[in-house]
2 protein chains.
Amino acid sequence: MAVIVQKFGGTSLQTTDRINRIADRIIREQEKGTQLVIVVSAMGDATNRLVQLSGEVSSCTNGREMDLLLSTGEQMSSALMALALKEKGAEAIAMTGAQCGIETEYVYGNAKITAIHTERIQQQLDAGKIVVVAGFQGCAGNQEICTLGRGGSDTTAAALAAELKAERCDIFTDVDGVYSADPRYITGTKKHTAIDYDNLLTMAEMGAAVVHPRAVAHAKEHQVPLVVRSSFSDLEGTLVDPSRGSSTSSLVGLTIQKELSYLYLTGKMVKGHLFSEMTDSMGLWRRMIRSGNGEPGLMIKDKDLDQTLTWLNKNKERFGIHTIQHTSGGAAVHMVFRNPEEKRRQGSLMEDSLYWGEAVAIDGYPSVWSVSVSEDQVVDAAQSMYDAFFGHDVQQPNELQEAYGV
Amino acid sequence: MAVIVQKFGGTSLQTTDRINRIADRIIREQEKGTQLVIVVSAMGDATNRLVQLSGEVSSCTNGREMDLLLSTGEQMSSALMALALKEKGAEAIAMTGAQCGIETEYVYGNAKITAIHTERIQQQLDAGKIVVVAGFQGCAGNQEICTLGRGGSDTTAAALAAELKAERCDIFTDVDGVYSADPRYITGTKKHTAIDYDNLLTMAEMGAAVVHPRAVAHAKEHQVPLVVRSSFSDLEGTLVDPSRGSSTSSLVGLTIQKELSYLYLTGKMVKGHLFSEMTDSMGLWRRMIRSGNGEPGLMIKDKDLDQTLTWLNKNKERFGIHTIQHTSGGAAVHMVFRNPEEKRRQGSLMEDSLYWGEAVAIDGYPSVWSVSVSEDQVVDAAQSMYDAFFGHDVQQPNELQEAYGV
């Protein structure tokens, strides 16, 4: 029997009333004759509340005890969802990450999944049960609870879908698909009816919050079709499928990132080693940049600045770093093109965008054009770039037109 | 180095402010040169809130998913306490029941501890860390989280103290010791400065909420001195110690129980088997009684009535039960004497108490005199019995007089 994995985000589970409605939806899906694995996030802002509580007793923001604390959010919602399903007559069982065999590396706060032992889930599915998994968490070594980072429930879902050879993985969220830009900031955005893994991955890595990058990477690696859709409507959503191309537009979309820090280093450091060692040890989001006068640097998130500076200072001598300069509260607009060729075709567009700020050269993303913009101007800049492109673009996304008449 | 186990109840941990104050207290204790294991309950009414949430999605009140849900409360507070301790400069580590090796039987909602593998705790203690354990929970078989029933954190503490051969086990709670009656209902109560295990156990089994009966049984079995004391003051508390006798008063105290159901059975059942099999399978609090006309019966808690009736009906034929009659919403006053001899000495007192209701003959408690009273009269009845006794009692508890001048 076909297995389908469905992931429900925190907004979909904000209240017990919503949990009840999602439970109805899950039962309707099961009645179609599928084996269902449900992955849940913490209810609403439960994770933020836990972070706030921890802030009242500690300045520590990550590590072993934070993972122990934060993982309770998903454990709670998985138990509640299973209780709701059972109340409605379905057979269901809730499982923590550890209970359903999700093994991670020994990294607190941002662990990668290293293996999934699906025997227990499969047993329960074969016994006719809906398996409700607490997302965002796994287990390392001697029963150590490690979390997968924010958005980690997406990763849980995609990884389980891959391991269970699921027919598809539905990511239910508070938006009804992948848009060409964040509709909260940008007017005139368009929803993709289909997008390919690489484009979605790049969008996600550039900060599009709709699906977690690791989840897309898992889905791509195992060629699991993903569907990004709304918990609150029956709209079709966006299909991420190996058999379908992305939209035919040369610009897939653009993303806005705020609260960025820029670090510039001088010295004789072996950059590759420094950056990869730092990323491995801390699991941070970071991108290589180059300043106007050619100094190598890093773009990181403001919230990671303290940790990064501590690390860099500790490893200063070893890498021969002379000086570290940093600025915080920066922002950037990232234009994500369908491929490097499409990016090259849009040269004048990129030149125009430099009106708003400096271009950021980023290694490893040949189809992305990034412009650093001051935080107070970033929304205007993004809207302007967006309009400039979609005003010039002759190839509207056809599938979108067909589906929604936009 | 001496190990001390300290348990802090929910009221002591109601807010992060209180967690911070308790953390200071713990650090002061460590500075005396002891190895500390801290057992924590869920914060304030966290458990009740979780029960309420579950009630919004399910009519189920126990079982596997409830345990998964409820155990998050203690996991949260253990993480927060360890974070608070570390923030204040102490070395600390939080552990779930499973992580610190607490094995239980496979019973959800009311599991007994079957073994504790203390290697990991001992390692952490030897490394100079304060070990903060999530109370109320353990792990059965294949990573199944089983809770120990309400008050289970006491049991966690006493069992850990026994297994670690602790010098003593402090039970910090919202009252400053074991009283001769519940001061919330009865005026003129007295605090015991010392009490022996059996008397405290009987008080606890008769409903005195101050320490969980299983905790006392664990402490007794391994002869671990318990101290019941207040989290909010430095008052001495009540010492439960094998080397010290109980108070010299013939009446240790009295307890009030409400929300009781009385079940009367007719038929040819083998009572012993029936009752022990029922208790084993459901882990309920129950006591044998006998009606006015000699029919055998059970006193159980109202909340367990449905479950008990279901069990009895299912096993009706096997035990040859003909009829089952039940009434709910009952109450009882239990007079706990120091020993059966002291009880016998107070015959007239017991006779007087029958003004309020019927005597309940209870097997296995030769030092307890119980009177069933209607719920609306139970407080008046208890006060009257209390006054009658302490009015007649010539032997005031001497230690109490010395310590507090009462």
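The values are calculated or read from the model by the stated rules, or taken from the named source; none is laboratory data. Since the model is a prediction, treat every value here as computed from it, not as a measurement. Cβ atoms come from the backbone with ideal geometry, glycine included; neighbour counts cover every protein chain shown.
Miscellaneous remarks
- Among residues of the range A:10-31, those that are outside any helix (DSSP H, G or I) and polar (S, T, N, Q), counted: 2
- Taken together, the residues in the range B:357-378 that are touching a helix residue (DSSP H, G or I) at 6+ places or on another chain (Cβ under 9 Å) and either without any contact (Cβ under 8 Å) to a residue 12 or more places away in the chain or within 25 Å of B:HIS192 (Cβ to Cβ) (or both) amount to 7.
- Enumeration of residues in the range A:301-329 that are of a type in the set (A, V, I, L, M, F, W, C) and more than 15 Å from A:GLY109 (Cβ to Cβ): A:LEU305, A:LEU309, A:LEU312, A:PHE319, A:ILE321, A:ILE324
- Set side by side, the residues B:ARG28, B:ARG18 differ, and just one is crowded, with 16+ Cβ neighbours inside 10 Å, out of contact with any Cys (no Cβ under 7 Å at 6 or more places or on another chain), assigned by TED's automatic domain parsing to the domain that holds B:GLY97 and over 24 Å from B:ALA98 (Cβ atoms), which is B:ARG18.
- Scanning the range A:178-208 for residues that are over 15 Å from A:VAL379 (Cα atoms) and part of a loop (DSSP other than H, G, I, E, B) yields A:LYS190, A:THR193, A:ASP196, A:MET206.
- In the range A:306-347, the residues that are of a type in the set (A, V, I, L, M) and not in a strand (DSSP E or B): A:LEU309, A:LEU312
- Identification of strands (runs of 3 or more DSSP E) wholly contained in the range B:251-305 with 1 or more residues that are free of Cβ contacts under 8 Å to residues at least 40 places away in the same chain, surrounded by fewer than 19 Cβ atoms within 10 Å (Cβ to Cβ) and in contact with a Ser or Thr (Cβ under 7 Å, 6 or more places away or on another chain) yields B:286-290.
- Meets criteria (without any contact (Cβ under 8 Å) to a residue 12 or more places away in the chain and surrounded by fewer than 24 Cβ atoms within 10 Å (Cβ to Cβ)) for A:GLN123: yes
- Of the strands (runs of 3 or more DSSP E) lying entirely inside the range B:32-129, the ones with 1 or more residues being more than 10 Å from chain A (Cβ to nearest Cβ) are found at B:35-40, B:102-104, B:113-116.
Here's the yes/no breakdown for (1) surrounded by fewer than 18 Cβ atoms within 10 Å (Cβ to Cβ); (2) touching a residue at least 40 places away in the same chain (Cβ under 8 Å):
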| position | (1), (2) |
| --- | --- |
| B:VAL57 | no, no |
| B:MET66 | no, yes |
| B:LYS88 | yes, yes |
| B:ILE116 | no, yes |
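- Members of the range B:181-232 that are among the aromatic types (Phe, Trp, Tyr) and either without any contact (Cβ under 8 Å) to a residue 40 or more places away in the chain or in contact with a helix residue (DSSP H, G or I) (Cβ under 7 Å, 6 or more places away or on another chain) (or both): B:TYR185, B:TYR197
- Qualifying residue in the range B:170-177 (condition: out of contact with any Cys (no Cβ under 7 Å at 6 or more places or on another chain), in a loop (DSSP other than H, G, I, E, B) and among the small types (Gly, Ala, Ser)): yes
- The range A:291-334: number of residues that are under 29 Å from the mean Cα position of the chain (by Cα) and of a type in the set (Asp, Glu): 3
- Test result for B:ALA134, more than 19 Å from B:ASP24 (Cβ to Cβ), in contact (Cβ under 8 Å) with a residue 12 or more places away in the chain, touching a helix residue (DSSP H, G or I) at 6+ places or on another chain (Cβ under 6 Å) and within 9 Å of chain A (Cβ to nearest Cβ): yes
- Boolean, B:TRP356 is over 18 Å from B:SER249 (Cα atoms), assigned to a loop (DSSP other than H, G, I, E, B) and either modelled with pLDDT of 85 or more or of a type in the set (Val, Ile, Thr) (or both): yes
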